[in-house]
Structure formats: C-alpha cells, structure tokens
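Taking it in order: structure first as structure tokens, then the write-up.
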Amino acid sequence: MTRYLLSACAIAVVVSPASAQAPRSTSVADWRADVEFLHNELISHHPKLYYGEPRHRFDVAVARLEAGLPNMSREQIIMGIARALATIQDGHTQINPANDQAIGFHRYPIRLYWYSDGLFVRATAPEYRRFAGSRLLDVDGIRVDTIVKRLWPYIHGDNEMTVRDVLPSRLVLAEVLHTVGGATSSAQARFRFQLPDGTMESVILSAVPVSAPMNGWVTARDVATAAPRYLRNASRNYWFEYIDSLNAVYAQINAVSNSDDETLEDFCSRLFSATESRGASSLVLDIRLNNGGNNTLNKPCVLGLIRETRVNQPGKLFVIIGRLTFSAAMNLAVDIERNTNTTFVGEPTGASPNHFGETRKIVLPRSGITVLHSTLYWQSSDPRDARPWIDPAVHAVLSSADYRANRDPAMDSIVALIRRRSVATHAAR
C-alpha cells in the first residue's frame, strides 16, 4: 500500500508560465530546457544540496543526462531524471511515473509487495487471479534480483525501507522495466511465477495506461478469513478499539491529518479518555501505514501518551512502525521515542529521525512533468542522530504466507509480550 502524503505541511507549487498549456515534447531542446530548469530550481531551493556531497552527486547525474539527451528515448530521459533525483537520497524528492499523467507510462495488471521472503503478487486484475500470492521469479528471462539491482539506483528514498516500499510499484511499469533492461518491450512482457502450491507458470502480460481503472482486482489474502486488525480500517485516518482479552487499547493512526468529522486532537482526547475509563493496562499505537501529513497535529498525541502514566511504562506502551512510517509520521515516532517509554515493534521506518521534508512541487516547463522536492530540514531528534531509521526493539516483518493467511507478526509479538508480562505479574504476587 503505497501512498504519497509526502509533505509535513502544505505543498508549495512552482509552475513555469508556459507549462500548463505546453504539449508533451520529446525534442532534445525541450528536454534540455526542462533538465536545466530542474537543476537550477533544486540548487536554489533544496536544502540538502547545500551540504556538498549530495550536490556533487546530483550535478554529475545531471551532466551525464544532458550529455546523453540526443541519443535517448523519451522513457530513458524520464528515468534519467528519476535517477538524478535519487542521487540526493531524500524520500520527499521524486517524480512519480506510477500516477503522473504527463509522464503517461503504462503498468502491468499486477501489484507487487516486497515481503521478508521476496517479491510476491499482492493483487491482480481478475483475469490473472491464479497468480495472486505468487512469487515473481523473472521477466523475459531476467531474474528478479537482477532487475531489482538495475532498478535500485532510480528509486528515491531516505533509506532502504523507502526503496523497498516504492520499488515494487516501479517494477510493474512497462517503460521502467524496458529502460532498465528488465523487459525486451515496453508493451508486453513474459512474467514467470512460482505459485503458492510450488508450481512454476509463465504468462505474457500486456501493459495498460497507469490511469486505467483497477475494478475488481483480486487480493492474495484469504478473503474467507477475517482481515488482520491493521487492514480492517486502513482507509480511515484513525480509529481505536478495546481488546478485552488483553485489557489493552489498540489505536491506529493512518494519516497525520484531520478527518471531516473529527480532528486528530479530538480523536486523541477520546482515545485517552477511553484508555483511562477502561483501566487498560496496555496501549498499542499502530502507525505502520502512516505516510505523513501535517506534523503540527502531532502534539496532542505525544502529550496524551506522556500523561497516560498507567500505560506509559516499559512493556506496556507499544508503537508499531514500518516502511510506510514517513514524513510527519516519522516526526511523531521520534517525539514518542524521545518522550515516552514505548517499545517499537515491526520493521524499520521509511525515513530518518532527522530528515528533509516540507514538499514543494515543480512542474517542468516543456514536458509538464511534476517534480516534488524538500525545502526544509526537520531535526526532530538529537542533532548528532545519524540513524537511517528507527529500528524496532522487536522485529516482526511480514512474509508472503503471513499476508495470505491474514496473520500480523507485529501484533502477534505484542500479544505474546503482554501475556508474558501478565503471567509474570501474577506469579510475583
């Protein structure tokens, strides 16, 4: 589930006066103008480029791209822009060929996810339902690990976890695969899978526009079994419930943003009131799907956790994090880490504790392609904190079998810890 709530606050927009009306163009002169425009904008406005090495990497990548323009196809130029932006190593700075209509790329009718055991099909168009839950082995005879290695330099990210989130969505784009030598054509390709029963099967998939509807897609999950708690209300900004068997409250915040019917501050007030009135002995806050929003809304949540002395204790307060914990959600995770006694569970976060953000949008003047980039440095942690992510105390990484069977290793680990503490408490009495 990849979402793009990338800014910690509002997104500023810079559009060249000609860009709104300009048609897409593949002329060398037009592409050169776009590349020079982008280069100048980022030198002027991206704070990470002020610190030397990122500027050098970006300058070299832009120079190579400009030198190669006369001999490059349109898709190669677009991917060259993506590669230049990726050298900055900033999860907020990117182009997004998976949904930018000005780019106009095509996708294959499968959705991939990078599990602990490899790249698997998480969902498919209805006609390819038999491949749901299958492991991708190769494309046009090129091994998937080779494709990943070739594609990696084109993926933006603060760290490896951002790449693991974004790369699967790029690998199913026809033009991207073709550009990196992962397919012989940008119209169709032969995908070979290992099905859940262990058999191997190949299928030729044809690409469709990225804007094509995804109606009726089939999930790899066992729909006859109840979805795990973290997926039951994934489209809601926030919600919570009391788990009687654990005397615990489970709360999920999926976006640092107000809902139409309730502010995040009011939700936090309601959450902590319920925690107190129930006499809950544990609290689980799940932000693994939270890709960010407005970090000025984080304060009520952090202050509420600090005040909840019953649960703000080692072994009683748990926060689930993961590769999608990013931007304003990363600010929230750092504030919780610095001010509470939480135990982090899950996988490493998709952003660094101190990271660049506050997204600004540029529309390139000739092609109309949208570029997002950071404008501020968020030092939420200690100034000496150079960690690439928050590493959970309890690692619980999703496997393809877990997803198919609706298991949640993170919540399972927390349940085991709560029950173990309960047994130890009773034994000590």
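Couple of notes before you dig in:
- Note on the range 365-381: residues that are under 21 Å from M161 (Cβ atoms) and part of a loop (DSSP other than H, G, I, E, B) amount to 3.
- Just one of the listed residues (L332, L324, L305, L297) is more than 20 Å from P348 (Cα to Cα) and touching a residue at least 40 places away in the same chain (Cβ under 8 Å), namely L297.
- On inspection, F356 fails the criterion of being farther than 25 Å from E41 by Cβ, among the hydrophobic types (A, V, I, L, M, F, W, C) and in contact with a strand residue (DSSP E or B) (Cβ under 8 Å, 6 or more places away or on another chain).
- For V256, the conditions (1) in contact (Cβ under 8 Å) with a residue 40 or more places away in the chain; (2) surrounded by fewer than 20 Cβ atoms within 10 Å (Cβ to Cβ); (3) closer than 23 Å to G293 by Cα all hold with the exception of (2).
- Note on the range 37-52: residues that are of a type outside the set (F, W, Y) and in contact (Cβ under 8 Å) with a residue 24 or more places away in the chain total 8.
- Residue selected from the range 100-132 under the condition closer than 18 Å to A189 by Cβ and part of a loop (DSSP other than H, G, I, E, B), by the criterion farthest from the chain's Cα centre (by Cα): A125
- Whichever residue in the range 242-253 is surrounded by fewer than 17 Cβ atoms within 10 Å (Cβ to Cβ) and touching a residue at least 12 places away in the same chain (Cβ under 8 Å) and, among such residues, is nearest to the chain's Cα centre (by Cα): Y242
- Among the numbered conditions (1) in a loop (DSSP other than H, G, I, E, B); (2) touching a residue at least 40 places away in the same chain (Cβ under 8 Å); (3) over 30 Å from D100 (Cα atoms), the only one that I418 does not meet is (1).
- Out of E241, E160, E201, sole residue that is in contact with a Phe, Trp or Tyr (Cβ under 7 Å, 6 or more places away or on another chain) and outside the structural domain of R420 (by TED's automatic domain parsing): E201
- Residue check, P228 under 26 Å from the mean Cα position of the chain (by Cα) and touching a residue at least 60 places away in the same chain (Cβ under 8 Å): yes
- Considering the range 362-386, the residues that are touching a strand residue (DSSP E or B) at 6+ places or on another chain (Cβ under 6 Å) and among the hydroxyl-bearing types (S, T, Y) include one that is surrounded by the fewest Cβ atoms within 10 Å (Cβ to Cβ), namely Y377.
- In this structure, L136 qualifies as in contact with a helix residue (DSSP H, G or I) (Cβ under 6 Å, 6 or more places away or on another chain) and either of a type in the set (V, I, T) or under 26 Å from P209 (Cβ atoms) (or both).
- All of (1) in the same structural domain as A84 (by TED's automatic domain parsing); (2) hydroxyl-bearing (S, T, Y); (3) more than 25 Å from D286 (Cβ to Cβ) hold for Y230 with one exception: (3).
- Scanning the range 234-282 for residues that are basic (K, R) and assigned to a helix (DSSP H, G or I) turns up R270, R278.
- For the residues E66, E41, E53, the requirement of being over 23 Å from L151 (Cα atoms) and of a type outside the set (G, A, S) singles out E41.
- Neighbours by Cβ (under 8 Å, 6+ apart or cross-chain): first from the range 385-396, at pLDDT 95 or above; second among the basic types (K, R) and loosely packed, with under 14 Cβ neighbours inside 10 Å: none
The values are calculated or read from the model by the stated rules, or taken from the named source; none is laboratory data. The shown structure was predicted, so the numbers you read here are calculated from the model rather than taken from an experiment. Don't worry about glycine lacking a Cβ; one is built from the backbone with ideal geometry, like all the others, and counts go over all protein chains shown.
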